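The values are calculated or read from the model by the stated rules, or taken from the named source; none is laboratory data. Predicted model only: the values in this text are computed from it and were never measured. Positions of Cβ are generated from backbone atoms using ideal geometry, with glycine treated the same way; all protein chains shown enter the neighbour counts.
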Amino acid sequence: MTTPRQLLADARLDAVDARVLLQHALQVSRAWLIGHADDVLPPAQAAAFEALAARRRAGEPVAYLVGTREFYGRDFAVSPAVLIPRPETELLVELALARAGQGARVVDLGTGSGCIPVTLKLERPDLAVSAVDISADALAVARGNAAALGADVVFRQSDWYAALAGETFDLVVSNPPYIVAGDAHLSRGDLRFEPQGALTDFADGLEHIRRIVEGAGGPLAPRGWLLFEHGFDQGEASRALLAAAGFLDVQTWPDLAGLDRVSGGRLA
Ligand code: GLN
């Protein structure tokens, strides 16, 4: 005779993780769980929760277990083919929204789940939004999110700017892989289960940022903005790269934790 209350008490998990996994296993709301905490559950439902709880105890991210993660107030489907959307990436979205003029052409490089371009398009339907990723599996997730949320975004497979030759954008945004090879975070927590090629360049952390900054001259229109996310200790290097590539108004913005998180600049 198992009840939600018992399952949660015996889960040996963080309380919020356990509740979210139980809601997913039972396909119920948080309010339902509170009202039915002492209901006797069918054994199959209890077993479904136990299976999820065991995977969580083994380290699998909650977002992959339930298949979604909230970003900018909307639910995005995620799978191990894509990075799990992070709250700090909302800063990149806000900075982009503040700089995109009416009808601006925007591209997101390395889109993953598509959370950045889909959010931009839904917040600002006037924008012409496209996105690229090198991974076909990631693009399938991103296209699914755009369709499910009703966002008209054009997706293409591309190694950064490679497939965009001849196109012009007013704004380029990116959350590229920027973690230094061998960084301890890569072997801890959720990151162990995420696509390593979406997290690290397997080098000094700036490999992709260099390519994105140095390649922006062709695709970016005059006075166009480039904005990209980076590590807490990469602000200075990012600004140096932007300045060397001829960008003006070069700045770094801190995330809500006060850490350098996004840098960018404007072409002359
Ligand atoms: N912000 C992520 C982390 O440190 C990394 C994301 C990225 O490499 N783009 O967990």
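A quick yes/no check of all residues on (1) among the hydrophobic types (A, V, I, L, M, F, W, C); (2) out of contact with any Ser or Thr (no Cβ under 9 Å at 6 or more places or on another chain); (3) more than 13 Å from residue 19 (Cα to Cα):
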{"site": "40", "(1), (2), (3)": "yes, no, yes"}
{"site": "43", "(1), (2), (3)": "no, no, yes"}
{"site": "52", "(1), (2), (3)": "yes, yes, no"}
{"site": "58", "(1), (2), (3)": "yes, yes, yes"}
{"site": "62", "(1), (2), (3)": "yes, yes, no"}
{"site": "72", "(1), (2), (3)": "no, no, yes"}
{"site": "78", "(1), (2), (3)": "yes, no, yes"}
### Task
Could you grab me the full set of residues in segment 73-90 that are in a loop (DSSP other than H, G, I, E, B) and either small (Gly, Ala, Ser) or surrounded by 19 or more Cβ atoms within 10 Å (Cβ to Cβ) (or both)?
73, 78, 79, 81, 82, 83, 84, 85
## Note on the structure
Going through segment 20-66 in order, the residues found to be exposed (fewer than 13 other Cβ atoms within 10 Å of the Cβ) and either polar (S, T, N, Q) or touching a strand residue (DSSP E or B) at 6+ places or on another chain (Cβ under 8 Å) (or both) are 27, 29
### Task
Tell me, yes or no, whether segment 191-202 has at least one residue that is in contact (Cβ under 8 Å) with a residue 40 or more places away in the chain, touching a strand residue (DSSP E or B) at 6+ places or on another chain (Cβ under 8 Å) and more than 21 Å from residue 129 (Cβ to Cβ).
yes
### Message
Any residue that is under 16 Å from residue 93 (Cα atoms) and within 16 Å of the ligand (Cβ to nearest atom) - is there at least one of those in segment 148-164?
### Response
no
### Looking only at segment 166-189, and only at residues there that are in contact (Cβ under 8 Å) with a residue 40 or more places away in the chain and more than 21 Å from residue 262 (Cβ to Cβ), the one that is nearest to the ligand (Cβ to nearest atom)
189
### Query
Within segment 100-119, is even one residue in contact with a strand residue (DSSP E or B) (Cβ under 6 Å, 6 or more places away or on another chain), surrounded by fewer than 19 Cβ atoms within 10 Å (Cβ to Cβ) and assigned to a loop (DSSP other than H, G, I, E, B)?
no
### Task
Would you mind stating whether residue 40 is hydrophobic (A, V, I, L, M, F, W, C), within 15 Å of the chain's Cα centre (by Cα) and modelled with pLDDT of 95 or more?
no
### Task
Go through (1) touching a helix residue (DSSP H, G or I) at 6+ places or on another chain (Cβ under 8 Å); (2) away from the ligand (no atom under 16 Å from the Cβ); (3) of a type in the set (S, T, N, Q) and name the single condition residue 102 misses.
(1)
